[in-house]
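The block underneath contains the structure these notes are about, expressed in structure tokens.
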2 protein chains.
Amino acid sequence: MQHEDLINYIEQYITLSDADKQIICDSYKVMHLDKKEFLFHQGDRCETEAFVLNGTLRVFYSDDKGNEHVLNFALPTWWVGDITSFYEGSPAFMSVQALEPSELLVIRPEQKEELFKKIPALERMFRIIIQKHLTSYQNRFLAAISKTADERYMNLLARIPNIEQLVPQHQIASYLGILPESLSRLKRKLIEAKK
Amino acid sequence: MQHEDLINYIEQYITLSDADKQIICDSYKVMHLDKKEFLFHQGDRCETEAFVLNGTLRVFYSDDKGNEHVLNFALPTWWVGDITSFYEGSPAFMSVQALEPSELLVIRPEQKEELFKKIPALERMFRIIIQKHLTSYQNRFLAAISKTADERYMNLLARIPNIEQLVPQHQIASYLGILPESLSRLKRKLIEAKK
DNA sequence: TAATTCCATTGACCTATGTTAAGACTTTGG
DNA sequence: CCAAAGTCTTAACATAGGTCAATGGAATTA
């Protein structure tokens, strides 16, 4: 069943009756994205919140000079969306694009409201998830101002060991907040240091 | 009345009956912090969420080398707390300390649960506030990796024009993610460039 | 399969910020 | 009211990472 991973995920947080599971399956629709296809674009309203079933996506922000900065990747069992845009209808702060063909489970704002009414315990789960995201960005910020690019690279590898197989190098550089040239140089230094 | 600023703040988001106002006044207790006194320490459980009535506080993280990094300041009508620690009971990620004598309205987790039961519309307000915090840290992160210290300094001044009168310079440097020496140099350059 | 675009690497050079150290001025606490 | 601690500035030097340019290989597309 398509929704199995989502059900398993939710059951880490709360207990679900069979009826609850049915409601969840009805609320989330399967969606496919081709490589390079966007879930939503920065500036548009984000009307979909998605749970990644498989594939890889990047969440990025384009600044005023047109430079793109990877805020995060999205891998299976992760959530993607722009919550402020999703709930409040404001323009999305970032874009989300598939880096390879990907399968998602998506929900729209009205349906999510419905879902919360039917399974209020989910509110708590999503609140915790938002808090984790907040903590994660606090950490990214702290790392950006207090660690070297080497350290941030090693941390990323520790957190997502197969990241090199999943996304191209220049996306990793962008995630780290450096240029591809710098990542290249950095990797060489690490290899030489190991010898 | 002590709670007036809080009531006004909340009324920006939702409509309150007189009974609601009374409940809010009963839920939030006035608290005074002397200069240098802590609201809570990194590593402890954060059992208070506070609304700042007056004064100035700093929210900071101490890294493994003992260096302190200012995550944010807290000024009148701002909220401070470590939500994850507050709700989930985990150790606080950061510390909060008064930079001058400050007055707060504080609430404890159990009381906040009670409050949500009595005035459910507050849940929505706090969800929006968390989302704003999340966006704010995404921005801090992006600025940290893509803007120069000059730009970040100018942004801070634009956002909080009187920040120089409120907090010592080395705290501003810490907020910007640079050393006091660098901020000093940077300010001189800006002054010279203006001539 | 050719043509084109994209991607990773390298090198030379540049700049913003860190590092260290010193001195003057201000605030705090006994 | 003095001593001590904290704060701001300046300067000389070091370094991480940016910038620019060139190359070769890989992946897309016609």
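Among residues of the stretch B:45-56 being of a type in the set (D, E, K, R) and more than 15 Å from B:TRP78 (Cα to Cα), the one that is surrounded by the fewest Cβ atoms within 10 Å (Cβ to Cβ) is B:ARG45.
Across the stretch B:168-185, the number of residues qualifying as farther than 24 Å from B:LYS35 by Cβ and more than 9 Å from DNA strand D (Cβ to nearest atom) comes to 2.
B:PHE141 meets all of the listed conditions (1) more than 12 Å from DNA strand C (Cβ to nearest atom); (2) away from every other protein chain (no Cβ under 14 Å); (3) free of Cβ contacts under 8 Å to residues at least 60 places away in the same chain but one, namely (2). Summed over the stretch B:20-44, residues that are at positive phi and open to solvent by less than 80 Å² (accessible area, probe 1.4 Å) total 1. For B:LYS112, the criteria (1) under 27 Å from B:GLY177 (Cα atoms); (2) open to solvent by less than 40 Å² (accessible area, probe 1.4 Å); (3) among the basic types (Lys, Arg); (4) more than 9 Å from chain A (Cβ to nearest Cβ) hold in every case but one, which is (1).
For the structure I just gave you, tell me whether A:SER102 is under 19 Å from the mean Cα position of the chain (by Cα) and under 20 Å from B:ASN139 (Cα atoms).
no
Conditions (1) over 18 Å from B:ARG140 (Cα atoms); (2) touching a helix residue (DSSP H, G or I) at 6+ places or on another chain (Cβ under 7 Å), marked per residue:
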site	(1), (2)
B:TYR28	yes, yes
B:MET31	yes, no
B:GLU68	no, yes
B:ALA74	no, no
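Within the stretch B:97-109, the residues that satisfy the criterion of being open to solvent by less than 70 Å² (accessible area, probe 1.4 Å) and more than 14 Å from B:ILE24 (Cβ to Cβ) are B:GLN97, B:ALA98, B:LEU99, B:GLU100, B:SER102, B:GLU103, B:LEU104, B:PRO109. Considering the stretch B:13-97, the qualifying strands (runs of 3 or more DSSP E), each wholly inside and each with 3 or more residues that are away from chain A (no Cβ under 14 Å), in contact with a Leu (Cβ under 8 Å, 6 or more places away or on another chain) and at pLDDT 95 or above, run over B:29-33, B:49-54. Residues in the stretch B:160-167: is at least one away from DNA strand D (no atom under 15 Å from the Cβ) and more than 15 Å from the chain's Cα centre (by Cα)? The answer is yes; a qualifying residue exists. Of all positions in the stretch A:146-162, none carries a residue that is surrounded by fewer than 14 Cβ atoms within 10 Å (Cβ to Cβ), in contact (Cβ under 8 Å) with a residue 24 or more places away in the chain and within 15 Å of DNA strand C (Cβ to nearest atom).
The combined condition, being without any contact (Cβ under 8 Å) to a residue 24 or more places away in the chain, surrounded by fewer than 18 Cβ atoms within 10 Å (Cβ to Cβ) and more than 17 Å from the chain's Cα centre (by Cα), is fulfilled by B:GLU88.
Cβ-Cβ distances below 7 Å connect the following pairs, each with a first residue in the stretch A:180-195 that is at pLDDT 95 or above, a second residue that is within 9 Å of DNA strand C (Cβ to nearest atom), and a separation of six or more residues or different chains: A:PRO180/A:GLN169; A:PRO180/A:HIS170; A:PRO180/A:ALA173; A:SER182/A:ALA173; A:LEU183/A:GLN169; A:LEU183/A:ILE172; A:LEU183/A:ALA173.
A residue that is in contact with an Asp or Glu (Cβ under 8 Å, 6 or more places away or on another chain) and within 20 Å of B:GLY81 (Cα to Cα) cannot be found anywhere in the stretch B:139-153. Residue under question is A:THR15, and the condition is that it be surrounded by 15 or more Cβ atoms within 10 Å (Cβ to Cβ) and within 22 Å of A:ILE130 (Cβ to Cβ); does it hold? In short, no.
Each residue in the stretch B:170-195 was checked for being away from DNA strand C (no atom under 12 Å from the Cβ), in a helix (DSSP H, G or I) and open to solvent by 70 Å² or more (accessible area, probe 1.4 Å), and 3 of them qualify.
The values are calculated or read from the model by the stated rules, or taken from the named source; none is laboratory data. Here the structure is a predicted model, which means the values were calculated and not measured. Reconstructed Cβ throughout: ideal geometry from the backbone, glycine too, with neighbour counts over all protein chains shown. The protein model used for the area step is the full one, side chains on, heavy atoms only, and it has no ligands, DNA or RNA in it. Shrake-Rupley method; radii C 1.70, N 1.55, O 1.52, S 1.80 Å.
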